[in-house]
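Note sheet for the following structure.
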Amino acid sequence: MSYIDGFVIAVPTANRQAFIDHARHFDALFIELGALRVVECWGDDVPVGKLTDFRRAVQATGEETVAFSWVEWPDKATRDAAMKTMMEDPRMDPSNPGNPSMPFDGKRMIFGGFVPVVEVS
């Protein structure tokens, strides 16, 4: 069964293209290490809720857009091995020349791994 990593982040709206460039660089690593698919989404209809919402979850300001992303892996073992490898890969280090810097505040990123329980196609 597949395994999903999910991410929600607040990105300065002015950094939209930098976010896309950053994603293209790092998403290629996910695929290289066994991910089946990576999807990066730019917030388009992200309403403010009465109790909670995506914007509040990542403390987005009026100058930021919420981005929602996920990585689909064939299984958790592949994901765990890939994450370990990625943390040791110099292409992940933003201080290395040629690597894009993070165009968002990573401290406000929400992320987690999920086991699919229902899938409809």
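All of the numbers you see were taken from the coordinates with simple rules; none came from a lab. Because the structure is predicted, anything quoted here is derived from the model rather than measured. Neighbour counts run over all protein chains shown; Cβ positions are idealised from the backbone, glycine included.
So the values come out like this:
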item	result
Nearest-0.05 FRET efficiency for Arg56 and Lys84, computed from C-beta distance (R0 30 Å)	0.40
Farthest positive-ward along the chain dipole, Cα basis, beta-carbon charges - from Asn96, Gly113, Ala81	Gly113
Ellipticity estimate at 222 nm from DSSP helix runs (n ≥ 4, -39,500 (n - 2.57)) divided over the chain, nearest 500	-8500 deg cm²/dmol
Reachable aspartates and glutamates, given that their alpha-carbon falls under 16 Å from the alpha-carbon of Lys84 and they are not under 8 places away in the same chain	Asp5, Asp27, Glu32, Asp75, Asp93
For region 35-75: rounded, prolate or oblate by the Cα gyration tensor [a/c cutoff 1.5]	prolate
Whole-number percent relative contact order across region 1-78, with pairs defined as alpha carbons under 8 Å at least 6 apart	55 percent
Partners for Lys50 among lysines (Cα-Cα distance below 28 Å; same-chain residues under 8 apart left out)	Lys107
Met92 paired with Val118, simple spin-label distance in nm, labels 7 Å along Cα-to-beta-carbon	3.4 nm
Cα gyration tensor, region 11-121 - rounded (a/c under 1.5), prolate or oblate	oblate
Environment charge at Val38 (Cβ cut-off 14 Å; Lys +1, Arg +1, Asp -1, Glu -1)	-2
